[in-house]
Amino acid sequence: MCLAIPGKIVSIDEKKEHAIIDYGDGTKRNANVSLVDVKVGDYVLVHAGFAIQVLDEKEANETLDLFREMLSYEEEA
Amino acid sequence: MFSLRDKKLANEIVSKIKTLNVNLKFMHVCGTHQDTLVKHGLDVLFKECGIDIGQGPGCPVCVTTPKEIEEMLLFAKKGKIVTTFGDMIQVPGEKDSLQSIKTEGWDVRTVYGIEDAINIAEENKDKDVVFMAVGFETTTPMTASVLLKNPPSNFSILGCHRVIPPALKAILDMGELKLDGIIEPGHVSTIIGSKPYEFISTEYGIPQVIAGFEPIDLLMGVWMLVQQVEHGKARVENEYARVVKEEGNIKAQQVINEVFEPMDVKWRGFPVILRSGLKLRDKFEDYDARKRYEDDFEEIANKEFSEPKGCRCGEVLRGIISSKKCPLFGKKCTPDNPVGPCMVSIEGSCNIEYRYAKKQ
Ligand code: SF4
Ligand code: SF4
């Protein structure tokens, strides 16, 4: 019941309460964005119709590098 | 979007863990983690590395109590429109499930989220609409923020929200199993951040890692736990930093606190766990189905309901047996004919085990 999936914000309504989210697989759905501070173009994690967090794109892109670093760090340690 | 399926890195992590020759027992508390573990064969892989990982009480549907199911059934039979998530509808009660009474003609509706339930209430002003609000910290903010926006007066909730950290404490205090580390759920943590877990490391000396849901996230999460064990450390680390902030989602936390306050509740398979549930603050009591329809409840108020006969969901949820150890697993109990909630919910460990075993 409670998966969360990432999607990109396509547009936000005037009240800044709902936004259209593009899930990248051709589906676009309305979600409530009142729990996050977002702008068009942000990636968010959506759970049960609500965006629960903005994805940190920089962190995301660096995740694998960071993992590699952590592995080799242990080797030296 | 973000590709996190790096095979080479995955193999590297596994071979490194292998060389360490460990014998460890970890627990996670999330259906989505279990799905990733079983779907990608990581559970078997980790076992070969000397690490046994089990799912604890990590499925909001599975931990709802038999009584909560009966409460919902009662509402439906009193002529209200009852709404909840798909998985919940199939969970067997003592005699019926919401699904089975729906075929008898009672008004039971599956919704994708609480906002759908509100729409149903708007469209059916002449009827009472009750939403069964289940879910951990990930889902609670949705219920809370909807209640803050003056929902229609024919709408109320049967509150079944629960919080994770007290349940972890309960497991440790019960002492049935010795844990070497805990993988904390990424989406619960998205809301609550890392602080609420700290006492588990400081008071119980148990290493913890907040992890995401890709195979590589779990591999890395396990690696980080193993490293803590190897170096004699116990703290909360965050593998899922691309989503989980240390402080969590503060807006969501505020919304929860405005609407709910902690209460002691039972979890399936557990005794009452202190401050592990949430009840509506007085200000919102008009939306509290238990208060509003107190008279309806009278007939079951003091009744205790038992778990389905032979079902071992309680032990599965406490992490002391795996699904396959239940004698009913795959025989009398299958997803088409579930005996207990762990076989119903797609986040339940029996259901996950059955689904992927069949596919292989
Ligand atoms: S709410 Fe999130 S963390 Fe909890 S079981 Fe569901 S997916 Fe996992
Ligand atoms: S296999 Fe079925 S009966 Fe056994 S513990 Fe799981 S849900 Fe309960």
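Data for the structure
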read-out: Test for B:Ala301: is it aliphatic (A, V, I, L, M), away from every other protein chain (no Cβ under 14 Å), touching a residue at least 40 places away in the same chain (Cβ under 8 Å) and more than 12 Å from ligand 2 (Cβ to nearest atom); value: no
read-out: Criterion violated by B:Lys245 - all others in (1) open to solvent by 20 Å² or more (accessible area, probe 1.4 Å); (2) under 22 Å from B:Glu70 (Cα atoms); (3) out of contact with any helix residue (DSSP H, G or I) (no Cβ under 7 Å at 6 or more places or on another chain); (4) not polar (S, T, N, Q) satisfied; value: (2)
read-out: Of residues in segment B:309-350 being among the polar types (S, T, N, Q) and within 14 Å of the chain's Cα centre (by Cα), the one farthest from ligand 1 (Cβ to nearest atom); value: B:Ser349
read-out: Wholly enclosed helices (runs of 4 or more DSSP H) of segment B:43-114 bearing at least 1 residues charged (D, E, K, R) and open to solvent by 50 Å² or more (accessible area, probe 1.4 Å); value: B:66-77, B:98-103
read-out: Yes/no for A:Asp37 being surrounded by fewer than 12 Cβ atoms within 10 Å (Cβ to Cβ), within 9 Å of chain B (Cβ to nearest Cβ) and at pLDDT 90 or above; value: yes
read-out: Members of segment B:224-242 that are assigned to a helix (DSSP H, G or I) and open to solvent by 40 Å² or more (accessible area, probe 1.4 Å); value: B:Val229, B:Glu230
read-out: Unique residue being more than 16 Å from ligand 1 (Cβ to nearest atom), in contact (Cβ under 8 Å) with a residue 60 or more places away in the chain and of a type in the set (D, E, K, R) when the list is B:Lys127, B:Lys149, B:Lys178; value: B:Lys178
read-out: Segment B:23-46: number of residues that are more than 10 Å from ligand 1 (Cβ to nearest atom) and away from chain A (no Cβ under 14 Å); value: 14
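The values are calculated or read from the model by the stated rules, or taken from the named source; none is laboratory data. All values derive from a computational prediction rather than experimental measurement. Glycine gets a Cβ as well: all are built from the backbone with ideal geometry, and neighbour counts include every protein chain shown. Keep in mind that these areas ignore ligands, DNA and RNA; they rest on the heavy atoms of the full protein, side chains included. Shrake-Rupley method; radii C 1.70, N 1.55, O 1.52, S 1.80 Å.
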